[in-house]
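Working notes, beginning with the structure itself.
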Amino acid sequence: VFFYDCCDPPFTAGGRTPLSELLPLAGARNVFDGLDQDWTAVSWEAAAATTPELIVLHEYAWEGQSDTDGKRARVAASPWLADSPAVEHDRYATLPLALALEGLRSLEALPLLAPHLDAARDDRSTTGAEAPPAPEMEHP
């Protein structure tokens, strides 16, 4: 799962977020769980190298950042992510920002993401593709 919060370069969840700790309970992982940070900017190239199967867009608009439609358009227009399974199969989910931030409300994210995670797994099982290995990441 690639969490796209906003911006260019992408601002995303690292390994020290509740979401990174919760995703394995649903049989998934944050593609940037190897980063020893909570929230951080990464390059589009680094995001593409993770071959995300699902892209989660944080649902908010603030200080010129676009809403989820604008964020989705930005990700889909990225030449780096165009060949990713998530973009190729139109697998996006939206998540209210309050559920992405640190706190007990993050637990509410799992039932919202579960159908999207299941769809990504189903697509992978019908194509015979294996989940990509976790990339070795350094701070970008």
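The values are calculated or read from the model by the stated rules, or taken from the named source; none is laboratory data. In this text the structure is predicted, and so the values were computed from the model without any measurement. A quick note on method: Cβ atoms are made from the backbone with ideal geometry, for glycine too, and the neighbour counts reach across all protein chains shown. Heavy atoms of the whole protein, side chains included, go into the accessibility calculation; ligands, DNA and RNA do not. Shrake-Rupley method; radii C 1.70, N 1.55, O 1.52, S 1.80 Å.
Details
- Estimated purely from DSSP H runs of n ≥ 4, each contributing -39500 (n - 2.57), the mean residue ellipticity at 222 nm for the chain is -9000 deg cm²/dmol once divided by its residues.
- Annotation: V1 carries an accessible surface of approximately 20 Å², with a 1.4 Å probe and no ligand, DNA or RNA atoms counted.
- Residue list for segment 40-59, given a label point 7 angstrom along the Cα-to-Cβ vector of A82 and an amide N cut-off under 15 Å: 45, 48
- Annotation: peptides 106-113, 5-12, ranked by per-residue average of other Cβ atoms within 10 Å with the highest first, follow the order 5-12, 106-113.
- Summing Lys and Arg as +1 and Asp and Glu as -1 over all other residues whose Cβ lies under 11 Å from the Cβ of L23 gives a net charge of -1.
- Shape category assigned to segment 1-99 from the gyration tensor of Cα positions, a/c cut at 1.5: rounded
- Here the accessible area is traced with a 1.4 Å probe on the protein chains. For the chain, carbon and sulfur cover 54 percent of it.
- For the peptides 50-59, 31-40, the ranking by packing is 50-59, 31-40, with the highest mean count of neighbouring Cβ atoms within 10 Å listed first.
- Computed from backbone phi with θ = phi - 60° and the Karplus coefficients 6.51, -1.76 and 1.60, the 3J(HN,Hα) list for segment 11-16 is 9, 9, 7, x, x, 9 Hz; x is used for glycine and proline.
- Heavy-atom surface of the chain, accessible at 1.4 Å and reported per residue (Å²): 51
- Euclidean distance between Cα centres, segment 20-35 to segment 73-88, Å: 21
- In the calculated pair-distance distribution of segment 58-103, the portion above 16 angstrom amounts to 45 percent of the Cα-Cα pairs.
- Theoretical gain in end-to-end length, F11 to E63 [0.36 nm per residue, Cα-Cα removed]: 17.2 nm
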